[in-house]
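Working notes, structure below.
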Amino acid sequence: MGITLFERWSPEYALENAFDDMRKSGLDGLKKHLTSNALQTVNTLESFSGRPEVSLLTTAFMGGNAVNFLLEKLNECDWTIRDVMKGSESSKAVIGFEYQDIMAGTIELTMIKEDSIWKIDSLAMPKFDKFALPQKESGETAES
């Protein structure tokens, strides 16, 4: 059994805390780890989620059902840190997510120090390595 120790104020430490809060509170848990810039991006994604009048737009340009499903399942996903490129005031990271055998992928993000605390400043759209919703009982399938 390996033990990973993170420097208390490192980007990795901040990400692990964000993962813990997402597991507890989903999207609300994530929001306290975001700068105002990243919060604006998340709020925009959240506003598109579940709005039928923009479903064609979200399906075509934003991953549609997959992004909505990820937002709904944030607290149930397994989150991992894949890579971190650390600077003294900003960092870039790639985090991984997986939900059962249904969904897996990565998100690239940047982090900055805000009042000496590492926070997520920008998030790229998720890249899905796997996304297949379970079949509905009527035999229909839901696709991304």
Filter the stretch 26-41 down to the residues that are touching a helix residue (DSSP H, G or I) at 6+ places or on another chain (Cβ under 7 Å) and open to solvent by less than 70 Å² (accessible area, probe 1.4 Å) and list them by number. Gly26, Leu27, Gly29, Leu30, Lys31, His33, Leu34, Leu39
Just name the residue that is surrounded by the most Cβ atoms within 10 Å (Cβ to Cβ) out of those in the stretch 79-137 that are of a type in the set (Ser, Thr, Tyr) and more than 14 Å from the chain's Cα centre (by Cα). Ser91
Looking at the structure I just gave you, is Asp101 charged (D, E, K, R), at pLDDT 90 or above and not in a strand (DSSP E or B)? yes
Please state which of the following conditions Thr141 fails to meet, knowing it meets all the rest: (1) modelled with pLDDT of 95 or more; (2) open to solvent by 30 Å² or more (accessible area, probe 1.4 Å). (1)
Within the stretch 63-77, does at least one residue satisfy the condition of being more than 22 Å from Asp121 (Cβ to Cβ), modelled with pLDDT of 95 or more and exposed (fewer than 15 other Cβ atoms within 10 Å of the Cβ)? yes
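The values are calculated or read from the model by the stated rules, or taken from the named source; none is laboratory data. Just so we're clear, the structure is a prediction, and the values are computed from it rather than from any experiment. We place every Cβ from the backbone using ideal geometry, glycine too, and count neighbours over all the protein chains shown. Protein only, heavy atoms only, side chains kept; ligands, DNA and RNA dropped before computing areas. Shrake-Rupley method; radii C 1.70, N 1.55, O 1.52, S 1.80 Å.
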